[in-house]
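The values are calculated or read from the model by the stated rules, or taken from the named source; none is laboratory data. Quick caveat, the model's predicted, so the values are computed rather than measured. Cβ: placed from backbone, ideal geometry, glycine included. Neighbour counts: every protein chain shown. Each accessible area value is taken on the protein alone, full model and side chains, heavy atoms only, with ligands, DNA and RNA left out. Shrake-Rupley method; radii C 1.70, N 1.55, O 1.52, S 1.80 Å.
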Amino acid sequence: MSTTAVPAPTAVPAAPRRRLGPTVAYVRLEVTRTLRNPRAALLTLLVPVLMLLVFSGDADRADSRMLVAGMAAYGAIGGGLFATGPRLAAERVSGWLRQLRATPLSPAAAVLGKLVAGLLLAACSSAVVGAVGRFGAAGISTAQWLELVVALTLSAVTTTALGVLTGAAFRSPETAQAATMVGYIGLSALGGLWVPPSQFPAWLHDVAQVLPTYHVGQVARAITAGTGVAAADCAIIAAWAVALGAAATVAWRRGTAHR
């Protein structure tokens, strides 16, 4: 009597799409929560548009384009900050991050979700302000409008990293909220997003050139003026993004180690 050998079962590797499922779902959740956050929408969508309409008043076309660039940059950097910092600190205190560890999510998914949400909010803000510049007195072209949205969305990586750093560094949501607001106003004012840096005193102009927001504003102004973006501004923004990203990674690991 003969017997037939039964082949040993072989392990079936998990499909990559299935492994990415929880991460995609979490990113979608973060984006939805961000877009439904009335405070973030108020500060990054409504306020820049209102400031643009108030400041543009009797401005000529050239000045209107400078104002569009400044307010679009102002809204975009706010998107990166407010989609990350205060919420991250609140989630640490509430134990939300600890609960995430019990899910199939990787730790990087939480950061990725906030990065995508911050960039999306920055894109929405620059698109709304750019629309006012496209169809208002500034009269920028459709190509300039699109370039503005792309450039400012990429530049918002810097402030998104700063937001993660703030949320991971402060243990209190209230303190993180205050630090985010101070950073938002300070970086915008000193970076020349409200008043053109050319009107600064010499010493303040020197200080402004150190800040990433100064170079974000320069990129935005070059686009709306049609003068061409300087490679040096892009390089400095990229350097700030790398430095703040590294600092945010260290702070995230330390801040979430015991939460």
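Among the numbered conditions (1) touching a Leu at 6+ places or on another chain (Cβ under 9 Å); (2) open to solvent by 50 Å² or more (accessible area, probe 1.4 Å), tell me where Ala202 comes up short.
Unmet condition: (1).
Among the numbered criteria (1) among the small types (Gly, Ala, Ser); (2) assigned to a helix (DSSP H, G or I); (3) at pLDDT 90 or above; (4) surrounded by 14 or more Cβ atoms within 10 Å (Cβ to Cβ), which one does Ala232 miss?
With (1) among the small types (Gly, Ala, Ser); (2) assigned to a helix (DSSP H, G or I); (3) at pLDDT 90 or above; (4) surrounded by 14 or more Cβ atoms within 10 Å (Cβ to Cβ) applied to Ala232, the lone miss is (4).
Ala137 fails exactly one of the following numbered conditions: (1) open to solvent by 70 Å² or more (accessible area, probe 1.4 Å); (2) part of a helix (DSSP H, G or I). What is the number of that condition?
Here Ala137 meets the rest and fails (2).
Would you say Thr32 is of a type outside the set (Gly, Ala, Ser), modelled with pLDDT of 80 or more, within 30 Å of Leu244 (Cα to Cα) and open to solvent by less than 10 Å² (accessible area, probe 1.4 Å)? Don't jump to the end; show me each part of the working.
On the way: of a type outside the set (Gly, Ala, Ser): yes; modelled with pLDDT of 80 or more: yes; within 30 Å of Leu244 (Cα to Cα): yes; open to solvent by less than 10 Å² (accessible area, probe 1.4 Å): no.
For Thr32, the condition - of a type outside the set (Gly, Ala, Ser), modelled with pLDDT of 80 or more, within 30 Å of Leu244 (Cα to Cα) and open to solvent by less than 10 Å² (accessible area, probe 1.4 Å) - is not met.
What number of residues within the stretch 184-195 satisfy the criterion of being at negative phi and open to solvent by less than 50 Å² (accessible area, probe 1.4 Å)? Outline the logic, then answer.
Here is the first cut: in the stretch 184-195, the ones at negative phi are 184-191, 193-195.
Next cut, open to solvent by less than 50 Å² (accessible area, probe 1.4 Å) only: 184, 186-189, 191, 193.
Adding up the residues that qualify gives 7.
Give the residue, chosen from Leu244, Leu204, that is under 21 Å from Pro86 (Cβ atoms) and of a type outside the set (Gly, Ala, Ser). Explain how you work it out, then say what you get.
Values: Leu204 fails: under 21 Å from Pro86 (Cβ atoms).
After applying the criteria, what remains is Leu244.
Among the candidates Val132, Val111, single out the residue that is open to solvent by 20 Å² or more (accessible area, probe 1.4 Å), part of a helix (DSSP H, G or I) and either over 25 Å from Arg253 (Cα atoms) or in contact with a Cys (Cβ under 7 Å, 6 or more places away or on another chain) (or both). Before you say what the answer is, go through the steps one by one.
Values: Val111 fails: either over 25 Å from Arg253 (Cα atoms) or in contact with a Cys (Cβ under 7 Å, 6 or more places away or on another chain) (or both).
Being open to solvent by 20 Å² or more (accessible area, probe 1.4 Å), part of a helix (DSSP H, G or I) and either over 25 Å from Arg253 (Cα atoms) or in contact with a Cys (Cβ under 7 Å, 6 or more places away or on another chain) (or both) holds for just one of Val132, Val111, which is Val132.
Would you point out the residue of the stretch 223-256, among those that are over 28 Å from Arg98 (Cα atoms) and among the β-branched types (Val, Ile, Thr), that is farthest from the chain's Cα centre (by Cα)? Before the answer, list the steps.
Looking only at the stretch 223-256, we keep the residues that are over 28 Å from Arg98 (Cα atoms), and these are 223-240.
When the remaining residues are screened for being among the β-branched types (Val, Ile, Thr), the result is 223-224, 227, 229, 236-237.
On the way: Ile223: 19, Thr224: 21, Thr227: 25, Val229: 20, Ile236: 17, Ile237: 13 Å.
Ranking the qualifying residues of the stretch 223-256, first place goes to Thr227.
Which members of the stretch 56-67 meet the condition of being touching a residue at least 60 places away in the same chain (Cβ under 8 Å) and either assigned to a helix (DSSP H, G or I) or exposed (fewer than 14 other Cβ atoms within 10 Å of the Cβ) (or both)?
Step one: of the stretch 56-67, the residues touching a residue at least 60 places away in the same chain (Cβ under 8 Å) are 56, 59, 61-62, 64-67.
Residues satisfying the conditions are Ser56, Arg61, Ala62, Ser64, Arg65, Met66, Leu67.
Could you please give the count of residues in the stretch 205-229 that are of a type outside the set (Val, Ile, Thr), surrounded by 15 or more Cβ atoms within 10 Å (Cβ to Cβ) and not in a loop (DSSP other than H, G, I, E, B)?
Of the residues in that region, 9 qualify.
Quick grid of which residues meet (1) more than 21 Å from Thr213 (Cα to Cα); (2) surrounded by 15 or more Cβ atoms within 10 Å (Cβ to Cβ); (3) at pLDDT 75 or above; (4) among the hydrophobic types (A, V, I, L, M, F, W, C):
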position: Met1; (1), (2), (3), (4): yes, no, no, yes
position: Ala14; (1), (2), (3), (4): yes, no, no, yes
position: Arg19; (1), (2), (3), (4): yes, no, no, no
position: Val27; (1), (2), (3), (4): yes, yes, yes, yes
position: Val49; (1), (2), (3), (4): no, yes, yes, yes
position: Ala69; (1), (2), (3), (4): no, yes, yes, yes
position: Gly78; (1), (2), (3), (4): no, yes, yes, no
position: Gly85; (1), (2), (3), (4): no, yes, yes, no
position: Leu97; (1), (2), (3), (4): yes, yes, no, yes
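Is it fair to say Val157 is over 19 Å from Asp63 (Cβ atoms), crowded, with 20+ Cβ neighbours inside 10 Å and out of contact with any Pro (no Cβ under 8 Å at 6 or more places or on another chain)?
Working: over 19 Å from Asp63 (Cβ atoms): yes; crowded, with 20+ Cβ neighbours inside 10 Å: yes; out of contact with any Pro (no Cβ under 8 Å at 6 or more places or on another chain): yes.
Taking the combined requirement at face value, the residue satisfies it.
Mind telling me which of the residues Tyr214, Tyr184 ends up being within 28 Å of Leu146 (Cβ to Cβ) and in contact with a Leu (Cβ under 7 Å, 6 or more places away or on another chain)?
Values: Tyr214 fails: in contact with a Leu (Cβ under 7 Å, 6 or more places away or on another chain).
The conditions single out Tyr184.
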